[in-house]
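One structure is given below, encoded as structure tokens.
The values are calculated or read from the model by the stated rules, or taken from the named source; none is laboratory data. Just so it is clear, the model here is predicted, and its values are computed rather than measured. A quick note on method: Cβ atoms are made from the backbone with ideal geometry, for glycine too, and the neighbour counts reach across all protein chains shown. The accessibility values were calculated without ligands, DNA or RNA, using every heavy atom of the protein model including side chains. Shrake-Rupley method; radii C 1.70, N 1.55, O 1.52, S 1.80 Å.
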Amino acid sequence: MAENCGDMEAVIKSQEEVVDSLRKEMEQLEEGTYDFKGDELNSEKIKELTTANTKLQYQKGHLQMNLDAELARSDVNKCMPNISAGLGAMFQIAILKAVPDVSDPPVAITPSQNEKFGDYQCNSAMGIVGLLKAEGQKVSPRDIAAKIIENLPENHLIKSVDIAGPGFINIRIKEDFLMQAIANVVLVGASPPPLQKQKRVIIDYSSPNIAKEMHVGHLRSTIIGDSISRLFEFLGHDVLRLNHVGDWGTQFGMLIAHLTDKFPNFKTESPPIGDLQAFYKESKKRFDEDEEFKKRAYKAVVKLQGKEKDYIQAWNLICDESRKEFQKVYDRLQIQNLKERGESFYQDMMLDVVKELNEKGLLKVEDGRTLMFPPNCSIPLTIVKSDGGFTYDTSDMAAIRQRINDEKGDILIYVTDSGQGTHFQTIYAGAQMAGWYNPKEKVVRHVGFGVVLGEDRKKFKTRSGETVRLIDLLDEGLKRSRDKLVAKERHLVLSKEELLAAEKAVAYGCVKYADLSHNYVNDYVFSFDKMLDDRGNTAAYLLYAYTRIRSIRRNADVTKDSLLTTAKESGGVHMDHPKEFKLAKCICRFTEVLQRVSEDLAPHTLCDYVYELSTTFTEFYDSCYCIEKDRKTGEIIKINKNRLLLCEATAEIMDRCFHILGLTPVEKM
């Protein structure tokens, strides 16, 4: 590693000297004192020097950046390595040295699809050839690949490289590196990759409506948003989870006006949530059909927005009743640290938004409405209605402004159904138009998901055509989970407490995993039969697999402390079987998978990985005995502690994946 550092520092120093020389030449050109040795001063020469200077600055920056990244990730004793990123750093250095005249050369590192060709591949040569061809240079991809290999720095990661096909570089990882990495997983756990800079991440999800029960439509936002929050927290970022509930507007004027007639005590007590929802439906019907009631509803809105004591008190009671019901769902799904900030929170801020946008000349009045026309958007934002009221557009503009200016958010993520995609893209464009954020400096993303379908592939509803209540769905999951465990006769070997823990883990884990294991952009079919199947890529299968892995050490009667001592003293987990190395490589891909999920915001990638890890473990366990027993007596005659360390490392990674996905593994099931 010291040789690698010295080599890179020498390259950087050399690049700096060239840049300094070019800078002096540019200064002389500006002063008119540059000596061209008889040549006339011409713009082409200036352009050539400027281009060379820019290119060298770019290369120097990338060399330093990638060297820093490699050094940060290379110490396997401090954290789990990101092998893909480490390879990327080294190949970036090699490519810049191999083809210094190519600007922004591609660095393409991917896991090999076929293990006989190696562990990873670098497919950059073909892309580089394409760039050279565009400049009129003709060169073979294999020649480029050979030059890249020649310039690879000395390192502790790569065992061998070879060129295949038209210019693919096959990469094999050193066994010693893998052995130490696995020991480290046991010693320090499944640690996140080094964090170069902590960011403020604000995630908006769940968002039920006050006075309404949570239904299946809130399921995906809640589950996906929670998983993304868990991921960023694990990576070390400062995460603010926001619940943007619907708690303001005309609907509450309608409801309060209706409660005045139907529930006279509404100012001192709130009806239960079921009755509230029924009252809400009745109030909506009256609002649409009764002009006199509509006028009363608008008056109630004015009084509520004017914060008249009785109306605010009634509104608070309704909100509190709703929150209690929401919390029952959140408790079951282990949704924590979700901070409520409803539309009412931004009410006073909306006036400031209108004032600022107006002062910046961004608003236009058409047909009595005050509109904003963000660029490249098909519809305008309605900032003020013709009656002077605010809209969802106004509150969402106030929200994004507050999250950027007051909360100092670096990454803003909105998790809602895909039907709101156009709305949020318009909000983001409006915020940029107002100068609130630069997309090159802050990330603002909409995670738009598909709908939940029934097994008839239509929108998931009850037999009567009603929307499925989320609490009923979870109750049904618990019942089916219990039936499944009883059918497997687990009630005969587990205590009541253990059985209840297993019921909850399977029921709620299956509901979550069935959602997260699908690409969120697609609709998915909700089927208890499929999600409770203990075969295939389901939570039931993975939870049972985890329990079996955790039981191996117990069956061997080996303590965790004993394994830790073995890991410390061995200097690495000794491996010699191909299935051991295959499992070790899969374990070591954990951090690169997390990196990909954090970039794509796609939890299904993590689901695919933990399923692959589980099936790879099964291959290992079927081929490599961890415990040997006497066939006649059943007594243990031999224990392979190195293989137990592989079991322990696998369970550690699965445990961390489960945490990010919001699943609760249990030791006994």
Practice task
Out of the residues in region 361-372 that are open to solvent by 100 Å² or more (accessible area, probe 1.4 Å) and not β-branched (Val, Ile, Thr), state the one that is modelled with the lowest pLDDT.
Solution key: 367
Fill in the blank from the handout: Note on region 264-303: residues buried (at least 18 other Cβ atoms within 10 Å of the Cβ) and not in a helix (DSSP H, G or I) are 270, 271
Exercise for the section: Filter region 244-263 down to the residues that are surrounded by fewer than 20 Cβ atoms within 10 Å (Cβ to Cβ) and outside any loop (DSSP other than H, G, I, E, B), then identify the one that is modelled with the highest pLDDT. Expected result: 246
Exercise for the section: Please enumerate the residues belonging to region 461-471 that are open to solvent by 60 Å² or more (accessible area, probe 1.4 Å) and either in contact (Cβ under 8 Å) with a residue 12 or more places away in the chain or part of a helix (DSSP H, G or I) (or both). Expected result: 467, 469
Handout entry: Close pairs from region 131-144: first over 15 Å from residue 103 (Cα atoms), partner in a helix (DSSP H, G or I) and open to solvent by 90 Å² or more (accessible area, probe 1.4 Å), Cβ under 9 Å, at least 6 apart
Key = 139/133
Exercise for the section: Could you tell me whether residue 241 is charged (D, E, K, R), open to solvent by less than 40 Å² (accessible area, probe 1.4 Å) and either modelled with pLDDT of 85 or more or assigned to a helix (DSSP H, G or I) (or both)? Expected result: yes
Exercise for the section: Confirm whether residue 147 is open to solvent by 60 Å² or more (accessible area, probe 1.4 Å) and assigned to a helix (DSSP H, G or I). Expected result: yes
Exercise for the section: Scan 511, 486, 521 and give me the residue that is open to solvent by 40 Å² or more (accessible area, probe 1.4 Å), within 22 Å of the chain's Cα centre (by Cα) and either within 22 Å of residue 217 (Cα to Cα) or at pLDDT 90 or above (or both). Expected result: 521
Exercise for the section: Could you please find all residues in region 482-525 being within 23 Å of residue 537 (Cβ to Cβ), without any contact (Cβ under 8 Å) to a residue 60 or more places away in the chain and not in a helix (DSSP H, G or I)? Expected result: 488
Practice task
Determine whether residue 655 is out of contact with any helix residue (DSSP H, G or I) (no Cβ under 8 Å at 6 or more places or on another chain), among the acidic types (Asp, Glu) and either assigned to a helix (DSSP H, G or I) or touching a residue at least 24 places away in the same chain (Cβ under 8 Å) (or both).
Solution key: no
Practice task
Among the residues of region 176-211, count how many are open to solvent by 30 Å² or more (accessible area, probe 1.4 Å), touching a strand residue (DSSP E or B) at 6+ places or on another chain (Cβ under 7 Å) and of a type outside the set (Ser, Thr, Tyr).
Solution key: 4
Practice task
Go through (1) under 19 Å from residue 609 (Cβ atoms); (2) free of Cβ contacts under 8 Å to residues at least 12 places away in the same chain and name the single condition residue 576 misses.
Solution key: (1)
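Conditions (1) basic (Lys, Arg); (2) in a loop (DSSP other than H, G, I, E, B); (3) free of Cβ contacts under 8 Å to residues at least 12 places away in the same chain, marked per residue:
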site: 388; (1), (2), (3): no, yes, yes
site: 398; (1), (2), (3): no, no, no
site: 414; (1), (2), (3): no, no, no
site: 425; (1), (2), (3): no, no, no
site: 430; (1), (2), (3): no, no, no
site: 440; (1), (2), (3): yes, yes, yes
site: 445; (1), (2), (3): yes, no, no
site: 473; (1), (2), (3): no, no, no
Practice task
Give the number of residues within region 527-584 that are open to solvent by 60 Å² or more (accessible area, probe 1.4 Å), closer than 30 Å to residue 455 by Cα and not basic (Lys, Arg).
Solution key: 1
Problem - Single unsatisfied condition, residue 385 versus (1) crowded, with 18+ Cβ neighbours inside 10 Å; (2) at pLDDT below 95 - result: (1)
Exercise for the section: Only residues that are touching a strand residue (DSSP E or B) at 6+ places or on another chain (Cβ under 6 Å), under 11 Å from residue 124 (Cβ atoms) and of a type outside the set (A, V, I, L, M, F, W, C): list them for region 83-97, please. Expected result: 88
Problem - Boolean, residue 154 is under 30 Å from residue 656 (Cα atoms), open to solvent by 50 Å² or more (accessible area, probe 1.4 Å), touching a helix residue (DSSP H, G or I) at 6+ places or on another chain (Cβ under 9 Å) and of a type in the set (D, E, K, R) - result: no
Handout entry: Lone qualifier among 206, 191, 160 - being of a type in the set (Ser, Thr, Tyr) and not in a loop (DSSP other than H, G, I, E, B)
Key = 160
Practice task
Taking residue 584 as the residue in question, decide whether it is within 21 Å of residue 172 (Cβ to Cβ) and in contact (Cβ under 8 Å) with a residue 12 or more places away in the chain.
Solution key: yes
Handout entry: Selection count, region 86-109, where residues are under 22 Å from residue 194 (Cβ atoms) and either in contact with a Gly (Cβ under 6 Å, 6 or more places away or on another chain) or open to solvent by 50 Å² or more (accessible area, probe 1.4 Å) (or both)
Key = 2
Practice task
Give the number of residues within region 619-669 that are of a type in the set (Ser, Thr, Tyr) and over 33 Å from the mean Cα position of the chain (by Cα).
Solution key: 3
